[in-house]
Number of protein chains: 2
Amino acid sequence: VADLLIVGTGLMGTSVALAVRDERDVVLRDATPDRVSAAVARGAGRAWDGRERCSHVLLATPPAVLAAELLRLQRDGVGRTYGHLCSVQAGVQAEVEAVGADAASLCGSHPLAGSERSGPEAASAELFAGRPWVLCPSALTGGPALAAAGDLAAACGAEVVRLTAEQHDETVALVSHLPQVAASAVAARLLMHPAASGLAGPGLRDTTRVAASDPALWTDVLALNAAQVGPLVQLLADDLAELARALRVLAGAGARPSAAARGVVTDLLARGRSGRSLVPVKRGEHDRDFVRLAVRVPDRPGQLAGLLVSAAQAGINVEDVRVEHLPGRPTGVIELLVQRGGRDPLARALQGDGWDVVPTTL
Amino acid sequence: VADLLIVGTGLMGTSVALAVRDERDVVLRDATPDRVSAAVARGAGRAWDGRERCSHVLLATPPAVLAAELLRLQRDGVGRTYGHLCSVQAGVQAEVEAVGADAASLCGSHPLAGSERSGPEAASAELFAGRPWVLCPSALTGGPALAAAGDLAAACGAEVVRLTAEQHDETVALVSHLPQVAASAVAARLLMHPAASGLAGPGLRDTTRVAASDPALWTDVLALNAAQVGPLVQLLADDLAELARALRVLAGAGARPSAAARGVVTDLLARGRSGRSLVPVKRGEHDRDFVRLAVRVPDRPGQLAGLLVSAAQAGINVEDVRVEHLPGRPTGVIELLVQRGGRDPLARALQGDGWDVVPTTL
């Protein structure tokens, strides 16, 4: 009897195997044998022989094949408990119940971790470390299945969070699927006027970054969670249509101020700023806890390193870095994000080391 | 006769003064005398006495007072030529003509540079270095005014671009004002469900970054450019409403696949990826020219510095850095953006120095 069977040795399944292989006897299965070999070669575990019984079975398969695979494994009596990692929960649970699988031995879950890369070669034992991992037991989930799913998430170093399938799907719709859709829609508008992007600044770059994601993969995610994402996208469209109406009024108003239309514009921007203040920058800390210090540097190898060495020697922890290249110029600007109290000591230390700190008031 | 009078010693006006003070005799005026004193204290130039004649006058005032100020200065015969720096051009030009100012001696322009900070203390001689600076001569602008505006932009180290006022306003609507509006609208949606933001990842963080901007300032910008931004916001709203309709179909379709609705979703995502590929990452190079290398590090001072020292010693130029903190864990992940050919040598060099390079296939 193995401790853990992982079905599906892609990025997620292989990463779970790598995270727990020192503590558990892991066996691996995949519809594509080469992917099992690749995972075994990474040291993720042994290939499953198709018969060995296992304490827990983790289905790390595409959602479309999950219910059928679960049913087959349960009929063969392979596992005592079962879990899965689907990025959308309610639809999968409904299908599991519809095909007549045993829902008592199953607990769905979703680790909020990943990569734009895929496959067993991209897997990492550290993929889940410190990341939220949402457990979504259904009303039918039994105690042993819930405990097994929680133990596995904890063994991977994740922070375990418990939500219902509906709460989970609503949450990821808001914090992951809606930003993806908005970024894609803004980036798609750039095709209207390709030359305009040459005047783009860091605002456009950040706002559209996730629009580079794979359209096929995201179509699957959005289709699976359509019931939750659809209404949010409609609300976003409604907010923007209301803003467009206010801007039409302002465009036609000429010199006459239109307080109501301005109010609509300011209200959306102010709500946006409030919403943004909810987004954690680090460990529950937020934008307002940090300040930026800008330094002008020659654009050549080693400048960023030298700058950060100066910061480290001053004992200041740099939380984040933004590098701004200046088109056609031999210099760039590096912005260092530091905790509020660290800004002035850091500025003095860097100036003492000869760095060109850009003067600001903040 | 001074070379340059700058009217309005805020961030922009004082930065121009600092950029050209070694080559030109600069005099300064502001409606608030303390701001002139602050700019003089920064070494930006002399206080204007209210009578001295000047070769060129740069109006770095709020757009709302620009036409009246220009008219007054022209009636006093202060300058030979005039320029301004407004972030929206067509409306200001119309107002200049409406108040009866001399449009032949005026050339509008807009440097695409700035800061979330303001005031003369935040000014920098390097603010415009390598940045696009758009000249927007009107049909009435004379040769001397156009030449003076171009000379000033070049003296500030900017890359001079020439557009009509309408082209300019359309361009900034697309690459600056539309992303701002979208980021605010997505961030505003987070207020529906504040606890959800705790599960946010880097996608939400980047997509909503500019939503932290000042609502009052942005209301002015959007109102001034309402004629250009309004239709774009409407198109964005229409795209999202169409997507919401497709998601409604997919949510109701159950097991029956809906190829047309999926096609709508994939099409928007694919257009978004194409649009994103137009956004320059650096000097006209794009995302596809670069790859990321991820390294796991202890979350304590000096790690980022040490890592970049290793990269510099390997002779690899790191183009950008992304720091990913892992909530509740003593480690973080640093992603280094390097040119495609530099990735493998860098990975080998870092591993040789004992760094924990996260294995990936890309």
Could you pull out the residue among A:A103, A:A113 that is over 25 Å from the mean Cα position of the chain (by Cα), outside any strand (DSSP E or B) and not charged (D, E, K, R)? A:A103
Out of all the residues in region A:173-184, is one or more at the interface with chain B (Cβ under 7 Å from one of its Cβ atoms), without any contact (Cβ under 8 Å) to a residue 40 or more places away in the chain and of a type in the set (A, V, I, L, M, F, W, C)? yes
Considering every residue within region B:324-334, establish whether at least one is modelled with pLDDT of 80 or more, within 30 Å of B:A200 (Cβ to Cβ) and buried (at least 19 other Cβ atoms within 10 Å of the Cβ). yes
In region B:165-190, anything polar (S, T, N, Q) and under 26 Å from B:A19 (Cβ atoms) is listed as B:Q167, B:T171, B:S176
Leading residue by the ranking (nearest to A:L307 (Cα to Cα)) among those in region B:288-313 that are at pLDDT 75 or above and within 7 Å of chain A (Cβ to nearest Cβ): B:A305
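Go through region A:244-258 and give me each residue that's at pLDDT 90 or above and farther than 23 Å from B:A187 by Cβ.
Listed by number, the residues that qualify are A:R248, A:V249, A:A251.
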Say we look at region A:46-65 and pick out the residues that are modelled with pLDDT of 95 or more and among the aliphatic types (A, V, I, L, M); which of these is surrounded by the fewest Cβ atoms within 10 Å (Cβ to Cβ)? A:A47
Return the pair list, or none, for Cβ contacts closer than 6 Å from residues in region B:119-130 that are more than 12 Å from B:V16 (Cα to Cα) and free of Cβ contacts under 8 Å to residues at least 40 places away in the same chain to residues that are assigned to a loop (DSSP other than H, G, I, E, B) and of a type in the set (A, V, I, L, M), at least 6 apart or on different chains. B:G130/A:L326
Those residues of region B:1-19 which are more than 18 Å from B:G79 (Cα to Cα) and among the hydrophobic types (A, V, I, L, M, F, W, C) amount to B:L11, B:M12, B:L18, B:A19
For region A:211-234, indicate whether the set of residues that are within 26 Å of B:H168 (Cβ to Cβ), modelled with pLDDT of 90 or more and not aromatic (F, W, Y) is non-empty. yes
Suppose we filter region B:48-75 for residues that are in a strand (DSSP E or B) and of a type in the set (A, V, I, L, M, F, W, C); how many remain? 4
So which residues in region A:103-129 are closer than 17 Å to B:R296 by Cα, polar (S, T, N, Q) and buried (at least 21 other Cβ atoms within 10 Å of the Cβ), if there are any at all? A:S124
Matching entry among B:V92, B:V88, B:V36 (being at pLDDT below 95, buried (at least 22 other Cβ atoms within 10 Å of the Cβ) and in a helix (DSSP H, G or I)): B:V92
State yes or no: is B:Q89 of a type outside the set (G, A, S) and in contact with a Cys (Cβ under 9 Å, 6 or more places away or on another chain)? yes
Looking for something over 25 Å from the mean Cα position of the chain (by Cα), touching a residue at least 60 places away in the same chain (Cβ under 8 Å) and more than 15 Å from A:G8 (Cα to Cα) - is there at least one such residue anywhere in region A:81-95? yes
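Every residue, every condition in (1) of a type in the set (A, V, I, L, M); (2) more than 30 Å from A:S109 (Cα to Cα); (3) at the interface with chain A (Cβ under 7 Å from one of its Cβ atoms), yes or no:
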residue: B:P137; (1), (2), (3): no, yes, no
residue: B:P144; (1), (2), (3): no, yes, no
residue: B:C156; (1), (2), (3): no, yes, no
residue: B:V160; (1), (2), (3): yes, yes, no
residue: B:E166; (1), (2), (3): no, yes, no
residue: B:V186; (1), (2), (3): yes, no, yes
residue: B:A200; (1), (2), (3): yes, no, yes
residue: B:T207; (1), (2), (3): no, no, yes
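The values are calculated or read from the model by the stated rules, or taken from the named source; none is laboratory data. Please read these numbers as outputs of a predicted model, since none were measured by experiment. Methodologically, a virtual Cβ is constructed for each residue, glycine included, from the backbone with ideal geometry; neighbour enumeration extends over all protein chains shown.
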